[in-house]
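Structure, as structure tokens:
The values are calculated or read from the model by the stated rules, or taken from the named source; none is laboratory data. Everything quoted here is computed from the prediction, not taken from an experiment. With ideal geometry, Cβ positions are generated from the backbone for all residues, glycine too; neighbour counts draw on all protein chains shown. Please note that ligands, DNA and RNA were not included when accessible areas were found on the heavy atoms of the full protein model with its side chains. Shrake-Rupley method; radii C 1.70, N 1.55, O 1.52, S 1.80 Å.
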Amino acid sequence: MSDDLVANPRLARWQTGRIEVTGAWKEKRRLAAAMRTVISRLVEIEAPETELAAAADGLERYAARLATHPRPNRYEGWSETSASGDVGSFFDHSPMIGLSNPLAPPIELNADPDGRRVHGHAIFGSAYEGPPGCVHGGYIAAAFDELLGFANSLSGTPGMTGTLTIRYRRPTPLHTSLRFEGRYERSEGRKIFTTGQLFARDALCAEADGLFVAVDPERFRRLFEERTKRDEEREK
């Protein structure tokens, strides 16, 4: 990756795995990785009732313990990565690339020095299964949304997803190193056009076309205010 891309916060924030973290943030990532393993094991194994009950009891106790801690007052960005703010721990919570989110595979994304293409790598485990031995198509669509969200950031005026079209060429295998390729194609006014491909080894599994629409930052600010209000009402 070129020095320009590394120095650009809008692009560098996608490389969450390259952010060196310490303290609570480091432990949050470690906890998310452990939870990822638990989720995978839960859908793969047939444990006895007593062991499952013990695990559920322990998790319920810990969930209650976590609930005693305050929510952060500072909002650090949007987990919809193409439109989020500064590099921060909230960005690390993306459901597709966030190392602090146990739901994320996670996908590793990087930009090419040409400023138009992005590459991604991921392995989807058993928790993402759709057809036998294959990745659920919904997760593939979500992965493309994230990949092309990064590609649309290369336009310099990133926006939100307008339309996302997926063409599934063949089943995508689980437990296999997958390669994503995305490209920023062009902009027409507020419209930003992107394309992407997904490969298992050299086999093309799926393709995507994404249309993103540039949005005024004030719109995101209103979304944040609405989110904050809902959170406050939920905690009453």
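Listed residues G149, G156; which is in a helix (DSSP H, G or I) and either over 19 Å from S177 (Cβ atoms) or touching a His at 6+ places or on another chain (Cβ under 6 Å) (or both)? Working first, answer last.
Details: G156 fails: in a helix (DSSP H, G or I).
Checking each option against the conditions leaves just G149.
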Per the filter on region 102-143, residues of a type in the set (A, V, I, L, M) and assigned to a strand (DSSP E or B) are L109, A111, V118, A122, V135
Write out, first by first residue and then by second, each pair whose Cβ atoms fall under 7 Å of each other, whose residues are 6+ apart or on separate chains, and whose first residue, in region 121-147, is over 28 Å from L211 (Cβ atoms) while the second is open to solvent by less than 50 Å² (accessible area, probe 1.4 Å) and hydroxyl-bearing (S, T, Y). I123/T176; G125/S40; S126/S40; A127/S40
When you scan region 122-144, do you find a residue that is within 26 Å of V21 (Cα to Cα) and open to solvent by 30 Å² or more (accessible area, probe 1.4 Å), even just one? yes
Give me the residue from region 153-206 that is under 18 Å from V118 (Cα atoms) and of a type in the set (K, R) and, out of that set, surrounded by the most Cβ atoms within 10 Å (Cβ to Cβ). R183
